[in-house]
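The values are calculated or read from the model by the stated rules, or taken from the named source; none is laboratory data. Bear in mind that the values here come from a model prediction, so they are computed numbers and not experimental data. Using ideal geometry, Cβ is built from the backbone for each residue, glycine included, and neighbour counts are taken over all protein chains shown.
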Amino acid sequence: MINDKAILVGVDGSHASYKATWWAANYAKHAGLTLQIVCAYSLPSYAAVSFDATYTAMGDDNAAHSDAQEILSKAKAIADEQGVEAATLIVTGDPASVFVELSRNYNLIVIGNRGKGGLAERLLGTTSSSLPAYAYCPIVVVPYTDDDGNLMHLNNTITKVAVGSDESKWGLKALDIAADFAACWDAELDVLSAVPNLKGVDGEDDVMKSYEDDLEVRIKPLQESHPNLKINKRIVSGPAVSALTKASYDHDVVVVGSRGRGGFTGLLLGSTSQGLLQHAVGPVYVVPRKYVEAAESRLDTVPSSPAEVPTKSLEEIAGVEEVPVDKAEPEVAKEIEKTIDPDRQ
(Lines give C-alpha, C1' and ligand atoms only; values in the text may rest on other atoms or scores of the structure.)
Protein backbone atom coordinates (compact mmCIF):
# COMPACT_ATOMS: atom_id res chain seq x y z
CA MET A 1 0.00 0.00 0.00
CA ILE A 2 1.29 3.46 -0.82
CA ASN A 3 2.25 5.35 2.34
CA ASP A 4 -0.52 7.92 2.58
CA LYS A 5 1.39 9.88 5.21
CA ALA A 6 4.63 10.74 3.41
CA ILE A 7 5.78 13.28 0.80
CA LEU A 8 9.08 13.05 -1.08
CA VAL A 9 10.74 16.18 -2.52
CA GLY A 10 13.74 16.14 -4.83
CA VAL A 11 16.56 18.68 -4.51
CA ASP A 12 19.74 19.35 -6.49
CA GLY A 13 21.06 22.60 -5.06
CA SER A 14 19.07 24.79 -7.46
CA HIS A 15 16.79 27.56 -6.26
CA ALA A 16 14.00 25.81 -8.15
CA SER A 17 14.42 22.69 -6.01
CA TYR A 18 14.56 24.72 -2.79
CA LYS A 19 11.29 26.37 -3.80
CA ALA A 20 9.78 22.92 -4.28
CA THR A 21 11.05 22.03 -0.79
CA TRP A 22 9.29 25.06 0.65
CA TRP A 23 5.99 24.09 -1.05
CA ALA A 24 6.27 20.46 0.05
CA ALA A 25 7.04 21.40 3.65
CA ASN A 26 4.22 23.93 3.76
CA TYR A 27 1.75 21.32 2.49
CA ALA A 28 3.12 18.59 4.77
CA LYS A 29 2.64 20.81 7.80
CA HIS A 30 -0.91 21.74 6.81
CA ALA A 31 -1.97 18.17 5.97
CA GLY A 32 -0.15 16.49 8.86
CA LEU A 33 2.16 14.50 6.58
CA THR A 34 5.80 13.51 7.02
CA LEU A 35 8.48 14.77 4.64
CA GLN A 36 11.51 13.11 3.10
CA ILE A 37 14.06 15.04 1.02
CA VAL A 38 16.18 13.29 -1.61
CA CYS A 39 19.25 14.57 -3.45
CA ALA A 40 20.31 12.74 -6.62
CA TYR A 41 23.62 12.72 -8.45
CA SER A 42 25.39 10.55 -10.99
CA LEU A 43 29.05 10.06 -11.82
CA PRO A 44 31.25 10.94 -13.61
CA SER A 45 29.38 14.03 -14.78
CA TYR A 46 27.31 14.93 -11.75
CA ALA A 47 28.50 18.54 -11.66
CA ALA A 48 27.32 19.11 -15.22
CA VAL A 49 23.96 17.37 -15.27
CA SER A 50 22.86 16.53 -11.73
CA PHE A 51 23.61 19.52 -9.52
CA ASP A 52 22.58 23.02 -10.57
CA ALA A 53 25.45 24.72 -8.76
CA THR A 54 29.20 24.55 -9.30
CA TYR A 55 30.79 21.97 -7.06
CA THR A 56 34.07 20.12 -6.76
CA ALA A 57 35.90 17.99 -9.29
CA MET A 58 33.84 15.72 -11.50
CA GLY A 59 34.26 12.00 -10.97
CA ASP A 60 35.03 12.25 -7.25
CA ASP A 61 32.36 10.23 -5.47
CA ASN A 62 33.40 11.42 -2.00
CA ALA A 63 33.17 15.04 -3.09
CA ALA A 64 29.81 14.46 -4.78
CA HIS A 65 28.46 12.72 -1.68
CA SER A 66 29.65 15.61 0.49
CA ASP A 67 28.03 18.14 -1.85
CA ALA A 68 24.76 16.20 -1.72
CA GLN A 69 24.83 16.30 2.08
CA GLU A 70 25.36 20.07 1.99
CA ILE A 71 22.39 20.48 -0.34
CA LEU A 72 20.26 18.30 1.93
CA SER A 73 21.25 20.30 5.00
CA LYS A 74 20.00 23.49 3.37
CA ALA A 75 16.76 21.88 2.25
CA LYS A 76 16.29 20.42 5.75
CA ALA A 77 16.69 23.92 7.20
CA ILE A 78 13.96 25.21 4.86
CA ALA A 79 11.63 22.46 6.05
CA ASP A 80 12.51 23.24 9.65
CA GLU A 81 11.48 26.86 9.06
CA GLN A 82 8.02 25.47 8.27
CA GLY A 83 8.02 23.46 11.48
CA VAL A 84 8.52 20.15 9.65
CA GLU A 85 11.15 17.58 10.61
CA ALA A 86 12.44 15.91 7.44
CA ALA A 87 14.38 12.70 6.79
CA THR A 88 17.06 12.85 4.08
CA LEU A 89 18.08 10.47 1.30
CA ILE A 90 20.81 10.38 -1.34
CA VAL A 91 20.28 8.73 -4.73
CA THR A 92 23.16 7.75 -7.01
CA GLY A 93 22.72 6.68 -10.61
CA ASP A 94 19.93 7.56 -13.03
CA PRO A 95 17.40 9.62 -11.04
CA ALA A 96 14.54 9.13 -13.52
CA SER A 97 14.34 5.36 -13.01
CA VAL A 98 15.05 5.55 -9.27
CA PHE A 99 12.36 8.17 -8.70
CA VAL A 100 9.82 5.99 -10.50
CA GLU A 101 10.67 3.14 -8.13
CA LEU A 102 10.56 5.46 -5.11
CA SER A 103 7.11 6.68 -6.18
CA ARG A 104 5.74 3.28 -5.16
CA ASN A 105 6.22 4.28 -1.52
CA TYR A 106 4.85 7.82 -1.27
CA ASN A 107 1.64 9.78 -1.21
CA LEU A 108 3.18 12.52 -3.33
CA ILE A 109 6.45 13.53 -4.98
CA VAL A 110 7.32 17.21 -5.41
CA ILE A 111 9.94 18.57 -7.81
CA GLY A 112 10.90 22.04 -8.95
CA ASN A 113 10.98 23.21 -12.57
CA ARG A 114 12.86 25.79 -14.66
CA GLY A 115 16.19 25.24 -13.04
CA LYS A 116 19.06 25.30 -15.51
CA GLY A 117 19.35 21.61 -16.27
CA GLY A 118 19.88 19.45 -13.22
CA LEU A 119 17.20 17.29 -11.66
CA ALA A 120 14.23 19.01 -13.29
CA GLU A 121 15.61 18.41 -16.78
CA ARG A 122 16.31 14.76 -16.04
CA LEU A 123 12.86 14.08 -14.58
CA LEU A 124 10.79 16.22 -16.95
CA GLY A 125 12.92 16.18 -20.08
CA THR A 126 11.07 13.73 -22.33
CA THR A 127 7.72 11.98 -22.41
CA SER A 128 9.51 8.63 -22.72
CA SER A 129 11.15 8.97 -19.30
CA SER A 130 9.13 11.70 -17.63
CA LEU A 131 8.39 11.12 -13.97
CA PRO A 132 4.86 12.64 -14.10
CA ALA A 133 3.94 10.23 -16.88
CA TYR A 134 5.21 7.02 -15.29
CA ALA A 135 5.17 7.46 -11.52
CA TYR A 136 3.07 5.31 -9.21
CA CYS A 137 1.95 8.28 -7.12
CA PRO A 138 0.84 11.85 -7.95
CA ILE A 139 3.52 14.41 -8.78
CA VAL A 140 3.50 18.14 -8.05
CA VAL A 141 5.74 20.27 -10.30
CA VAL A 142 6.54 23.68 -8.79
CA PRO A 143 7.75 26.38 -11.22
CA TYR A 144 10.51 28.72 -10.15
CA THR A 145 9.86 31.45 -12.72
CA ASP A 146 7.50 32.25 -15.56
CA ASP A 147 8.58 32.08 -19.21
CA ASP A 148 10.15 35.53 -18.92
CA GLY A 149 12.24 34.65 -15.88
CA ASN A 150 10.07 36.45 -13.32
CA LEU A 151 10.09 34.78 -9.90
CA MET A 152 6.82 33.16 -8.90
CA HIS A 153 5.33 33.84 -5.46
CA LEU A 154 3.79 30.92 -3.57
CA ASN A 155 1.06 31.49 -1.03
CA ASN A 156 1.20 29.95 2.44
CA THR A 157 -2.51 29.18 2.19
CA ILE A 158 -4.17 27.65 -0.86
CA THR A 159 -7.49 29.32 -1.63
CA LYS A 160 -8.21 28.41 -5.28
CA VAL A 161 -7.70 25.07 -7.04
CA ALA A 162 -8.39 24.37 -10.73
CA VAL A 163 -8.82 20.94 -12.31
CA GLY A 164 -9.09 19.81 -15.91
CA SER A 165 -12.05 17.48 -16.24
CA ASP A 166 -13.12 15.01 -18.90
CA GLU A 167 -14.92 11.67 -18.92
CA SER A 168 -11.79 9.52 -18.99
CA LYS A 169 -10.81 7.56 -15.91
CA TRP A 170 -7.77 9.82 -15.64
CA GLY A 171 -9.95 12.93 -15.71
CA LEU A 172 -12.35 11.48 -13.15
CA LYS A 173 -9.55 10.53 -10.76
CA ALA A 174 -8.02 13.98 -11.12
CA LEU A 175 -11.43 15.44 -10.25
CA ASP A 176 -11.65 13.34 -7.08
CA ILE A 177 -8.12 14.25 -6.00
CA ALA A 178 -8.67 17.95 -6.72
CA ALA A 179 -11.82 17.92 -4.59
CA ASP A 180 -10.03 16.24 -1.68
CA PHE A 181 -7.08 18.64 -2.01
CA ALA A 182 -9.33 21.72 -2.12
CA ALA A 183 -11.37 20.48 0.84
CA CYS A 184 -8.14 19.96 2.81
CA TRP A 185 -7.41 23.68 2.42
CA ASP A 186 -11.06 24.84 2.57
CA ALA A 187 -10.41 26.28 -0.89
CA GLU A 188 -12.67 26.88 -3.89
CA LEU A 189 -12.57 24.33 -6.70
CA ASP A 190 -12.93 25.45 -10.32
CA VAL A 191 -13.70 22.56 -12.66
CA LEU A 192 -12.73 23.26 -16.27
CA SER A 193 -14.00 21.19 -19.18
CA ALA A 194 -12.55 21.97 -22.60
CA VAL A 195 -14.67 21.56 -25.74
CA PRO A 196 -13.86 22.06 -29.43
CA ASN A 197 -14.60 25.41 -31.01
CA LEU A 198 -18.27 25.02 -31.91
CA LYS A 199 -18.72 28.35 -33.67
CA GLY A 200 -20.73 27.77 -36.85
CA VAL A 201 -21.42 24.10 -36.04
CA ASP A 202 -24.98 22.93 -36.74
CA GLY A 203 -26.89 22.54 -33.50
CA GLU A 204 -24.25 24.47 -31.58
CA ASP A 205 -26.53 25.19 -28.64
CA ASP A 206 -27.61 21.55 -28.30
CA VAL A 207 -24.02 20.31 -28.44
CA MET A 208 -22.93 22.81 -25.79
CA LYS A 209 -25.87 21.78 -23.62
CA SER A 210 -24.74 18.14 -23.83
CA TYR A 211 -21.26 19.11 -22.63
CA GLU A 212 -22.78 21.07 -19.75
CA ASP A 213 -24.98 18.13 -18.79
CA ASP A 214 -21.99 15.76 -18.86
CA LEU A 215 -20.02 18.11 -16.61
CA GLU A 216 -22.93 18.33 -14.20
CA VAL A 217 -23.03 14.52 -13.97
CA ARG A 218 -19.31 14.37 -13.18
CA ILE A 219 -19.57 17.01 -10.49
CA LYS A 220 -22.62 15.61 -8.70
CA PRO A 221 -20.73 12.91 -6.73
CA LEU A 222 -18.31 15.58 -5.48
CA GLN A 223 -21.14 17.76 -4.27
CA GLU A 224 -22.49 14.80 -2.34
CA SER A 225 -19.13 13.76 -0.84
CA HIS A 226 -18.01 17.34 -0.12
CA PRO A 227 -21.20 19.27 0.73
CA ASN A 228 -19.26 22.24 2.13
CA LEU A 229 -16.90 22.55 -0.85
CA LYS A 230 -17.57 25.50 -3.15
CA ILE A 231 -17.42 24.11 -6.69
CA ASN A 232 -17.49 26.32 -9.77
CA LYS A 233 -17.82 24.76 -13.21
CA ARG A 234 -16.85 26.23 -16.54
CA ILE A 235 -16.90 25.06 -20.14
CA VAL A 236 -13.98 26.50 -22.12
CA SER A 237 -13.64 26.50 -25.89
CA GLY A 238 -10.34 25.42 -27.39
CA PRO A 239 -7.32 23.38 -26.26
CA ALA A 240 -7.40 22.11 -22.68
CA VAL A 241 -3.74 22.92 -22.13
CA SER A 242 -4.28 26.59 -22.99
CA ALA A 243 -7.15 26.82 -20.52
CA LEU A 244 -5.17 25.10 -17.76
CA THR A 245 -2.07 27.21 -18.36
CA LYS A 246 -4.22 30.33 -18.13
CA ALA A 247 -5.78 29.01 -14.92
CA SER A 248 -2.32 28.69 -13.36
CA TYR A 249 -2.09 32.50 -13.28
CA ASP A 250 -4.95 32.95 -10.80
CA HIS A 251 -5.10 29.58 -9.01
CA ASP A 252 -2.74 28.24 -6.35
CA VAL A 253 -2.68 24.72 -7.84
CA VAL A 254 -3.81 23.18 -11.14
CA VAL A 255 -4.71 19.47 -11.09
CA VAL A 256 -4.61 17.34 -14.23
CA GLY A 257 -4.67 13.67 -15.18
CA SER A 258 -2.04 12.04 -17.38
CA ARG A 259 -2.65 9.03 -19.60
CA GLY A 260 1.01 8.07 -19.69
CA ARG A 261 1.41 7.17 -23.37
CA GLY A 262 0.07 9.36 -26.14
CA GLY A 263 -3.20 11.20 -25.71
CA PHE A 264 -3.12 14.13 -23.36
CA THR A 265 0.41 13.40 -22.18
CA GLY A 266 1.73 14.71 -25.48
CA LEU A 267 0.08 18.02 -24.64
CA LEU A 268 1.00 17.92 -20.98
CA LEU A 269 4.68 17.13 -21.40
CA GLY A 270 5.36 17.79 -25.06
CA SER A 271 6.65 20.71 -27.08
CA THR A 272 7.39 24.04 -25.46
CA SER A 273 4.53 25.55 -27.45
CA GLN A 274 2.01 23.25 -25.77
CA GLY A 275 3.44 21.78 -22.59
CA LEU A 276 1.49 22.73 -19.50
CA LEU A 277 4.39 21.90 -17.22
CA GLN A 278 6.70 24.14 -19.21
CA HIS A 279 4.44 27.20 -19.13
CA ALA A 280 2.38 27.04 -15.94
CA VAL A 281 3.22 29.76 -13.42
CA GLY A 282 1.90 27.85 -10.41
CA PRO A 283 2.21 24.30 -9.07
CA VAL A 284 0.77 21.58 -11.33
CA TYR A 285 -0.55 18.45 -9.59
CA VAL A 286 -0.30 15.52 -12.03
CA VAL A 287 -2.26 12.28 -11.54
CA PRO A 288 -0.28 9.62 -13.45
CA ARG A 289 -1.59 6.66 -15.43
CA LYS A 290 -0.09 3.97 -13.16
CA TYR A 291 -1.64 5.54 -10.08
CA VAL A 292 -5.08 5.64 -11.70
CA GLU A 293 -4.83 2.05 -12.89
CA ALA A 294 -3.76 0.86 -9.43
CA ALA A 295 -6.70 2.62 -7.84
CA GLU A 296 -9.07 1.29 -10.49
CA SER A 297 -8.01 -2.29 -9.80
CA ARG A 298 -9.42 -2.00 -6.28
CA LEU A 299 -12.75 -0.35 -7.02
CA ASP A 300 -14.66 -3.63 -7.29
CA THR A 301 -13.76 -4.65 -3.75
CA VAL A 302 -13.05 -1.42 -1.88
CA PRO A 303 -14.79 1.59 -3.44
CA SER A 304 -12.96 4.93 -3.24
CA SER A 305 -9.86 3.18 -1.91
CA PRO A 306 -6.37 4.61 -2.41
CA ALA A 307 -4.14 3.16 -5.08
CA GLU A 308 -2.30 -0.04 -4.20
CA VAL A 309 0.99 -0.92 -5.87
CA PRO A 310 3.78 -3.25 -4.79
CA THR A 311 6.08 -1.22 -2.55
CA LYS A 312 9.82 -1.63 -2.22
CA SER A 313 11.95 -0.94 0.80
CA LEU A 314 14.78 1.54 0.38
CA GLU A 315 17.22 -1.38 0.62
CA GLU A 316 15.56 -2.97 -2.42
CA ILE A 317 15.99 0.11 -4.62
CA ALA A 318 19.51 0.32 -6.00
CA GLY A 319 21.30 3.59 -5.41
CA VAL A 320 19.15 4.85 -2.51
CA GLU A 321 20.76 5.59 0.85
CA GLU A 322 19.23 7.23 3.91
CA VAL A 323 21.79 9.76 5.15
CA PRO A 324 20.97 11.78 8.27
CA VAL A 325 22.33 15.33 8.02
CA ASP A 326 22.32 18.30 10.32
CA LYS A 327 20.21 21.18 9.09
CA ALA A 328 21.96 24.38 8.09
CA GLU A 329 21.78 27.43 10.33
CA PRO A 330 18.38 29.22 10.26
CA GLU A 331 20.01 32.27 8.68
CA VAL A 332 20.96 30.13 5.66
CA ALA A 333 17.36 29.01 5.16
CA LYS A 334 16.05 32.55 5.53
CA GLU A 335 18.55 33.84 2.98
CA ILE A 336 17.51 31.14 0.49
CA GLU A 337 13.84 31.93 1.06
CA LYS A 338 14.46 35.63 0.38
CA THR A 339 16.12 34.67 -2.89
CA ILE A 340 13.53 32.19 -4.12
CA ASP A 341 10.52 34.29 -3.11
CA PRO A 342 11.20 37.98 -2.33
CA ASP A 343 7.48 38.56 -1.73
CA ARG A 344 7.41 36.11 1.18
CA GLN A 345 5.96 37.84 4.24
Looking only at the range 35-52, decide whether some residue is assigned to a helix (DSSP H, G or I), modelled with pLDDT of 95 or more and crowded, with 24+ Cβ neighbours inside 10 Å. no
Could you tell me whether the range 59-71 includes any residue that is outside any strand (DSSP E or B), out of contact with any strand residue (DSSP E or B) (no Cβ under 9 Å at 6 or more places or on another chain) and modelled with pLDDT under 80? yes
Cβ-Cβ under 6 Å, sequence separation 6+ or interchain: first residue in the range 303-331 and surrounded by 12 or more Cβ atoms within 10 Å (Cβ to Cβ) and assigned to a loop (DSSP other than H, G, I, E, B), partner acidic (Asp, Glu) and modelled with pLDDT under 75. Which pairs? Pro306/Asp4
Residues of the range 201-256 satisfying the condition of being in a loop (DSSP other than H, G, I, E, B) and free of Cβ contacts under 8 Å to residues at least 24 places away in the same chain: Val201, Asp202, Gly203, Pro227
Within the range 144-166, can you find the residues that are outside any loop (DSSP other than H, G, I, E, B) and either at pLDDT 90 or above or surrounded by fewer than 24 Cβ atoms within 10 Å (Cβ to Cβ) (or both)? Thr145, Leu151, Lys160, Val161, Ala162, Val163
Do you know which residues across the range 208-217 are out of contact with any strand residue (DSSP E or B) (no Cβ under 8 Å at 6 or more places or on another chain) and surrounded by 11 or more Cβ atoms within 10 Å (Cβ to Cβ)? Lys209, Ser210
Taking the range 167-193 and keeping only residues that are of a type outside the set (A, V, I, L, M, F, W, C), farther than 22 Å from Ala294 by Cβ and at pLDDT below 95, one is left with Ser193
Of all residues in the range 194-240 being among the basic types (Lys, Arg) and at pLDDT below 95, the one that is farthest from the chain's Cα centre (by Cα): Lys199
Residues in the range 177-193 that are part of a helix (DSSP H, G or I) and either more than 16 Å from the chain's Cα centre (by Cα) or among the hydrophobic types (A, V, I, L, M, F, W, C) (or both): how many? 8
